[in-house]
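Student: Let me begin by handing over the structure; questions about it come next.
The values are calculated or read from the model by the stated rules, or taken from the named source; none is laboratory data. For clarity, every value in this text was computed on a predicted model and none was experimentally measured. So basically every Cβ, Gly included, is an ideal-geometry build from the backbone, and we count neighbours across all protein chains shown. What goes into the accessible areas is simple: the full protein's heavy atoms, side chains included, and nothing from ligands, DNA or RNA. Shrake-Rupley method; radii C 1.70, N 1.55, O 1.52, S 1.80 Å.
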Amino acid sequence: MNLLRACWRPPSNQHARAGSDVACRQDGLLWYKDTGHHVNGEFSMAVVQANNLLEDQCQIESGPLSFLDSGPYGTFIGVYDGHGGPETSCYINDHLFHNLKRFASEQNSMSADVLKKAYEATEDGFFSIVTKQWPVKPQIAAVGSCCLVGVICGGILYVANVGDSRVVLGRHVKATGEVLSVQLSAEHNVSIEAMRKELQSMHPEDRQIVVLKHNVWRVKGLIQVCRSIGDVYLKKAEFNREPLYAKFRLREPFQKPILSSEPSISVQPLQPHDQFLIFASDGLWEHLTNQEAVDIVHSSPHSGSARRLIKVALQEAAKKREMRWFSIRGKCRSFRPRRKEKHRRPLIHHHSNDGIGIRLVIPDDWSEIGSDIWIHFS
């Protein structure tokens with residue numbers, strides 16, 4: 001089995017295929033791996049840090065997707081965009097795939113139900129951590145993470161998401177020769193009108209369930225994402241009290257969870273004209289459209305695609321701040337806020353607090369289960 005977790009953590013060298021450049025490299029606050037190998041082919045990854053404490057995690061698992069010899073086989077991709085601290089994203093990185101394998105073993109197959117149960121078990125597990133640590137570390141109740149997962153198994157792509165990370169497909173159009181972008185994940189951010197209406201319909205008695213604050217829509221005036229793992233202070237009323245910081249405490253107690261951890265799940269067969277997938281946190285999409293990201297990948301060599309995407313996104317961020325590329329490389333500290341919170345505008349703006357995390361999958365022929373797949377993480 002291949003295991004390549006966040007590129008700032010030591011990879012499992014013993015599981016890398018021969019010829020793979022296992023070690024990740026660093027250029028300032030950019031960590032990257034231009035080319036690596038997994039069970040179906042190759043991948044690349046990159047992460048840029050925007051905080052004093054890196055709160056994001058990324059993960060690839062390739063090989064058995066259950067604990068049974070006869071169980072499903074494939075590749076698992078995870079992007080965990082943490083906020084408020086690293087605890088939730090690290091917990092997901094350590095437990096979600098294990099939970100998925102447990103439920104896949106029970107069903108002896110991969111399915112949307114397996115993914116849903118794996119998310120539920122991971123959420124419950126982190127709740128237990130918060131309960132245990134509350135007496136000595138109460139602020140852990142305000143730590144959470146977006147969680148985007150892709151599973152490629154038997155020629156089928158399963159996508160599950162909570163939060164505002166995104167997976168985009170590059171699809172070749174034979175008639176024109178173009179490669180068009182297709183967004184495959186649903187996002188849960190109240191900047192989207194449908195998400196505001198969903199929350200308002202679930203909480204009709206609360207006229208302040210979504211508030212426009214400083215020209216940004218926020219749940220209870222606090223947080224932009226309406227689904228996440230963690231953020232227990234907005235899911236269980238007993239954790240929304242002292243000694244939690246006053247800025248997180250609501251004036252009135254709530255009777256039912258405000259945020260949800262239920263993932264949006266899609267299942268679709270992969271076709272020969274589907275050329276690649278980009279898995280990324282919201283930071284990339286703040287500066288690049290889906291089609292711009294697809295065009296960059298399609299027009300460039302496979303190796304280093306993830307790092308290339310991050311560089312273009314940072315260049316766009318520099319333009320918005322009227323800085324040059326060498327300045328943004330040398331002065332990344334100017335983009336670091338005191339605290340990363342999803343209740344501020346995401347990534348690389350004056351008040352941004354996200355790093356950029358991307359994963360990219362590029363196959364030569366989806367119709368062949370054993371085809372080459374590039375997975376780029378940024």
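Student: May I ask you to derive the FRET efficiency for VAL216 and HIS95 from their Cβ-Cβ distance with R0 = 25 Å, giving the value to the nearest 0.05?
Tutor: Numbers: r = 32 Å, r/R0 = 1.27.
The value I calculate is 0.20.
Student: If you don't mind, another one. Non-local amide H neighbours of GLU178 (under 5 Å, H modeled in plane, Pro and chain starts lacking H): which ones?
Tutor: It is VAL173, by chain and number.
Student: Related question: In bins 10 Å wide, starting from 0, what share of all Cα pairs of the range 212-294 does each bin hold, as a percent?
Tutor: Each 10 Å bin holds this share of Cα pairs: 13, 32, 28, 17, 9, 1.
Student: Taking amide H positions as placed in the peptide plane 1.01 Å from N, state which residues far from PHE276 in sequence (5 or more) or on other chains have amide H under 5 Å from it.
Tutor: Distant-sequence amide H within range of PHE276: GLY170.
Student: Could you state how much accessible area MET195 has, in square angstrom rounded to the nearest 10, with a 1.4 Å probe and all protein chains kept in place?
Tutor: Roll a 1.4 Å probe over it and MET195 shows about 30 Å².
Student: Looking at the square roots a ≥ b ≥ c of the eigenvalues of the Cα gyration tensor of the range 82-170, which shape do they give, rounded for a/c under 1.5, prolate if a/b is larger than b/c, or oblate? Walk me through the numbers on the way to the answer.
Tutor: On the way: a/c = 3.40, a/b = 1.63, b/c = 2.08.
Cα axes put the range 82-170 in the oblate bin.
Student: Sticking with this structure for a sec: Of the options ILE223, SER264, HIS188, report the single residue whose Cα projects farthest towards the positive end of the charge dipole of the range 134-290 (beta-carbon charges: Lys, Arg +1; Asp, Glu -1).
Tutor: ILE223
Student: Could you give each residue of the range 106-121 its phi-based ³J(HN,Hα) in whole Hz, using Karplus coefficients 6.51, -1.76, 1.60 with θ = phi - 60°, and x for Gly or Pro?
Tutor: Values, residue by residue: 5, 9, 6, 6, 9, 7, 4, 5, 4, 4, 4, 5, 5, 5, 4, 5 Hz.
Student: Moving to a separate point now. Sum up the charges of everything whose Cβ sits under 11 Å from the Cβ of TRP134, counting Lys and Arg as +1 and Asp and Glu as -1, but leave TRP134 out. Could you put the intermediate results ahead of the total?
Tutor: Details: positive: LYS132, LYS137, LYS236, ARG241; negative: GLU238.
Around TRP134, the surrounding residues sum to +3.
Student: Also, quick follow-up: Can you tell me how much longer the chain between GLN200 and ASP124 gets when fully stretched, taken as 0.36 nm per residue apart minus their C-alpha distance, in nm with one decimal?
Tutor: On the way: separation 76, 0.36 × 76 = 27.36 nm, distance 2.53 nm.
Computed gain between GLN200 and ASP124 is 24.8 nm.
Student: If you don't mind, another one. Round to the nearest 0.05 the FRET efficiency obtained for ARG241 and ARG207 when R0 = 30 Å and r is the Cβ-Cβ distance.
Tutor: On the way: r = 23 Å, r/R0 = 0.76.
E(calc), rounded to 0.05, equals 0.85.
Student: Would you calculate the volume per residue, in Å³, of the smallest convex hull containing every Cα atom of the range 130-186? The partial results should precede the final answer.
Tutor: Details: hull volume 5.8 nm³, N = 57.
Spread over its residues, the Cα hull of the range 130-186 gives 102 Å³ apiece.
Student: Each residue of the range 265-281 in turn: what ³J(HN,Hα) in whole Hz from Karplus with 6.51, -1.76, 1.60 and θ = phi - 60°, glycine and Pro shown as x?
Tutor: 10, 10, 9, 8, x, 8, 10, x, 8, 7, 8, 6, 10, 10, 9, 8, 6
Student: Collect residues whose amide H, placed 1.01 Å from N in the peptide plane, falls under 5 Å from the amide H of SER261; neighbours closer than 5 in sequence don't count.
Tutor: Amide H neighbours of SER261, under 5 Å, 5+ apart: SER228.
Student: Report ³J(HN,Hα) in whole Hz for each residue of the range 223-228, in order, from the Karplus equation J = 6.51 cos²θ - 1.76 cosθ + 1.60 where θ = phi - 60°; Gly and Pro get x.
Tutor: Rounded to whole hertz, the list is 9, 7, 7, 10, 9, 6.
Student: Now a separate question. At 0.36 nm per residue, and after removing the present C-alpha to C-alpha distance, how many nm does the segment from LYS320 to THR131 gain when stretched out fully? Provide the component values of the computation, followed by the final result.
Tutor: On the way: separation 189, 0.36 × 189 = 68.04 nm, distance 4.23 nm.
63.8 nm is the gain from fully extending LYS320 to THR131.
Student: Please give the FRET efficiency for HIS273 paired with VAL312, using the beta carbon to beta carbon distance and R0 = 25 Å, rounded to the nearest 0.05.
Tutor: Working: r = 25 Å, r/R0 = 1.00.
With R0 = 25 Å, the Cβ-Cβ based efficiency is 0.50.
Student: Which order do the peptides 153-162, 139-148 take when ranked by the mean count of other beta-carbon atoms within 10 Å per residue, highest first?
Tutor: Numbers: 153-162: 20.8, 139-148: 27.3.
Ranking, from highest mean packing down: 139-148, 153-162.
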